[in-house]
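One structure below.
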Amino acid sequence: MKRFLVISDSHVPVRMSGLPDEIVNALKEYDGVIGLGDYVDLDTVILLEKLSREFYGVHGNMDYPDVKEHLSFSKVLLMESVTIGMCHGWGAPWNLKERLLRVFNEKPKVILFGHTHEPEDTTKAGVRFLNPGSLAEGSYAVLTLDGGEVRFELKRL
């Protein structure tokens, strides 16, 4: 079993001065952190990489150029027999899931995304779409993978 802290859209330093203490203090409690973009500054990404056991991240549309150089646009993980696609998202919210599906050559079981600032747990085209919402607006999630089972728990700061 693996547990991950899932965050997106922190927008540091634009919308918040730094990551909340509650998040920073909890990092070591998890097997890793999944960051879904719009950190904005590279210092935030480096802090997450340094303080988490494992860090898996993609960049977002609002990230500074150095973050976009440091992190990829999308990523695929295979953990606990679950294929997970990661991509922040872009553009208008309508048809976002269809655009996200086209990012991946093979359809993953789960797509983790951000961008909309709206927490979400829905299924479309046989894929489970999970969004932790916006950390800047007080939401994040815990993803638990247990032998192929996927649990996604939305949390509030």
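None of the figures in this text is laboratory data; all of them are computed from the coordinates on show. Quick caveat: nothing in here was measured; it's all calculated off a predicted structure. Here the Cβ is made from the backbone with ideal geometry for all residues, glycine too, and neighbour counts use every protein chain on show.
By the gyration tensor of its Cα atoms, with a ≥ b ≥ c the square roots of the eigenvalues, what is the shape of the range 77-157: rounded for a/c under 1.5, prolate for a/b over b/c, or oblate? Since a/c reaches 1.5 but b/c is at least a/b, the shape of the range 77-157 is classed as oblate. For Cα Rg over 2.2 N^0.38 Å, computed directly from the structure shown, the correct entry in [x] 1.12; [y] 1.41; [z] 0.94 is [z]. Of the GluC sites (Glu not before Pro) found in the range 72-157, those in coil by DSSP whose Cβ has at most 12 other Cβ atoms within 10 Å are E106. Which residue, L154, T44, T123, has the largest displacement toward the positive end of the dipole of the chain when charges sit on each Cβ (Lys, Arg +1; Asp, Glu -1)? Toward the positive end, the furthest listed residue is T123. Normalised by the number of residues in the range 1-41, the mean separation of alpha-carbon contacts (under 8 Å, six or more apart) gives a relative contact order of 63 percent. Converting phi to 3J(HN,Hα) with the Karplus coefficients 6.51, -1.76 and 1.60 and the offset θ = phi - 60°, the range 88-103 yields 4, x, 6, x, 5, x, 6, 6, 4, 4, 4, 5, 5, 4, 6, 5 Hz in sequence order, with x at every glycine or proline. Where both bridge residues fall in the range 13-157, DSSP classifies roughly 65% of the beta bridges as antiparallel. Here the 3J(HN,Hα) profile of the range 140-157, calculated from phi with Karplus coefficients 6.51, -1.76 and 1.60 at θ = phi - 60°, is 7, 8, 10, 9, 10, 10, 9, x, x, 7, 10, 10, 10, 10, 6, 10, 10, 5 Hz, Gly and Pro shown as x.
When a/c is below 1.5 the answer is rounded, else prolate if a/b is larger than b/c, else oblate, so apply that to the range 19-69 with a ≥ b ≥ c taken from the square roots of the Cα gyration tensor eigenvalues. Here the range 19-69 falls in the prolate category. Which distance in nm do the two modelled labels at D21 and L51 give, with both placed 7 Å along the Cα-to-Cβ direction? Using points 7 Å along Cα→Cβ, the separation is 1.2 nm. The charge dipole of the chain, taken about its Cα centre with unit charges on the Cβ atoms of Lys, Arg (+1), Asp and Glu (-1) only, comes to about 480 debye.
Amide H to amide H distances under 5 Å link M79 with I84, where only residues 5 or more positions off or on other chains count and H is placed in the peptide plane.
The spacing between the range 18-71 and the range 79-126, judged by their C-alpha centroids, is 19 Å.
3J(HN,Hα) along the range 124-136, derived from phi through the Karplus expression 6.51 cos²θ - 1.76 cosθ + 1.60 where θ = phi - 60°, amounts to 9, 6, x, 10, 8, 9, 10, 10, x, x, 10, 4, 4 Hz, with x in place of Gly and Pro. Dividing the mean sequence gap of close Cα pairs (under 8 Å, 6+ apart) by how many residues the chain holds gives a relative contact order of 24 percent.
Packing, as the average of other Cβ atoms within 10 Å across residues, places the peptides 81-90, 22-31 in the order 81-90, 22-31, highest first. Only Lys, Arg, Asp and Glu carry charge here, each on its Cβ (+1 for the first two, -1 for the last two); on that basis the range 1-57 has a dipole of about 180 debye about its Cα centre.
Pairs over the 18 Å Cα-Cα cut-off, from the set K68/K124; K28/K68; K97/K124; K68/K97: K68/K124; K28/K68; K68/K97.
Legend: residue pairs K50/K109; K2/K50; K50/K107, Cα-Cα distance threshold 27 Å; pairs beyond threshold, K50/K109; K50/K107.
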